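Undergrad: Quick one: the structure is below, and I'll ask about it shortly.
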Amino acid sequence: MINKRNKLYEISLYPYRSLNKTGFFILMFSLGLISFVAGIIFMIKGAWPVFGFFGLDILLVYIFFKINFRSGKKKEILILTKNKLIVEFYDSKKISKTYYLDANWLKIHLSKLKNEMSKLKISSKNKSVIIGSFLRHQEKIAVVKSLKKALEKYHFNYAKIDVPN
């Protein structure tokens with residue numbers, strides 16, 4: 001665990017989720033109500049098997065949203081100390097991986113890929129790690145600028161930052 005006095009800088013990265021729990025409940029209730037009414041109409045017309053398929057649709061929507069919410073609990077934390085950059089990857093609330101990079105020899109490279117996608121890679125000596133894979137390109141630029149500002153503030157002079165426009 002990192003001592004709070006040793007932390008010079010810390011930033012947390014979270015995936016963006018536009019639908020909160022209340023919105024999810026409203027969406028599922030609305031879809032369920034519409035499917036139930038449509039299913040009843042089909043049952044009255046004599047096509048009773050369709051009612052089950054409407055229920056199956058609602059179940060699949062629910063399952064896929066739950067999978068999406070689970071992936072939204074991931075986060076990444078970058079911690080700059082006097083001599084290290086620590087990158088912690090979290091699944092839900094527990095740490096899944098931790099990387100320790102020498103902060104004096106950091107190389108930060110942001111490369112733009114096709115279709116507005118980009119890759120943010122931080123290297124030091126023989127280690128490298130890709131961070132913020134769930135962030136948009138503009139958000140990655142903001143992370144790089146923030147990290148660059150912290151590196152300059154604490155006099156990590158040998159850090160190399162490569163960010164194309």
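The values are calculated or read from the model by the stated rules, or taken from the named source; none is laboratory data. The model shown is predicted, which means the values in this text are computed figures rather than measured ones. Backbone-built Cβ (ideal geometry, glycine too); neighbour counts: all protein chains shown. What goes into the accessible areas is simple: the full protein's heavy atoms, side chains included, and nothing from ligands, DNA or RNA. Shrake-Rupley method; radii C 1.70, N 1.55, O 1.52, S 1.80 Å.
Undergrad: Under 8 Å for C-alpha pairs, at least 6 residues apart: give me the relative contact order for region 1-98, rounded to a whole percent.
TA: 34
Undergrad: Translational D (Stokes-Einstein, µm²/s) of region 70-165 at 10 °C and 1.306 mPa s when Rh comes from the Kirkwood sum over C-alpha pairs?
TA: The estimated diffusion coefficient comes to 115 µm²/s.
Undergrad: How large, in percent, is the carbon and sulfur part of the accessible surface of the chain at a probe radius of 1.4 Å?
TA: 60
Undergrad: Right, here's the next one. So with the 1.4 Å probe, I'd like the accessible area per residue for region 9-165, rounded to whole Å².
TA: I get 69 Å² per residue for this part.
Undergrad: Using +1 at the C-beta of Lys and Arg and -1 at the C-beta of Asp and Glu, which of 30, 16, 56 has the Cα lying farthest in the positive direction of the dipole of region 1-62?
TA: Positive-end residue among those listed: 16.
Undergrad: Across the chain, what fraction of all alpha-carbon pairs, as a whole percent, falls in each successive 10 Å bin from zero upward?
TA: 9, 28, 24, 14, 12, 8, 4, 1
Undergrad: Follow-up question, since we're still on this one. Could you give me the ³J(HN,Hα) list for region 109-121, computed from phi with Karplus coefficients 6.51, -1.76, 1.60 and θ = phi - 60°, whole Hz, x at Gly and Pro?
TA: Here the 3J(HN,Hα) series is 10, 10, 10, 8, 9, 5, 6, 6, 8, 8, 10, 10, 10 Hz.
Undergrad: Could I ask something else about it? Per the helix-only calculation at 222 nm, which mean residue ellipticity applies to the chain, given -39500 (n - 2.57) for every DSSP H run of n ≥ 4 and division by its residues, nearest 500 deg cm²/dmol?
TA: It comes out at -13500 deg cm²/dmol, rounded to the nearest 500.
Undergrad: Between region 1-70 and region 88-165, what is the separation of their alpha carbon centroids in Å?
TA: Measuring centre to centre over Cα atoms gives 32 Å.
Undergrad: Using a Gaussian network for the chain with springs between C-alpha atoms less than 10 Å apart, which of these wobbles most: 83, 20, 115?
TA: Between 83, 20, 115, it is 115 that shows the largest mean-square fluctuation.
Undergrad: Suppose every K and R has +1 on its Cβ and every D and E has -1 on its Cβ; what is the size of the dipole of region 1-153 about the Cα centre, in Debye to the nearest 20?
TA: In debye, rounded to 20, region 1-153 gives about 880.
Undergrad: Between 111, 68, 138, whose Cα lies farthest towards the positive end of the dipole of region 54-161 when Lys and Arg beta carbons carry +1 and Asp and Glu beta carbons carry -1, centred on the Cα centre?
TA: Among 111, 68, 138, the one farthest towards the positive end of the dipole of region 54-161 is 111.
Undergrad: Normalised by the number of residues in the chain, what is the relative contact order in percent for Cα pairs under 8 Å and 6+ residues apart?
TA: Relative contact order, the chain: 20 percent.
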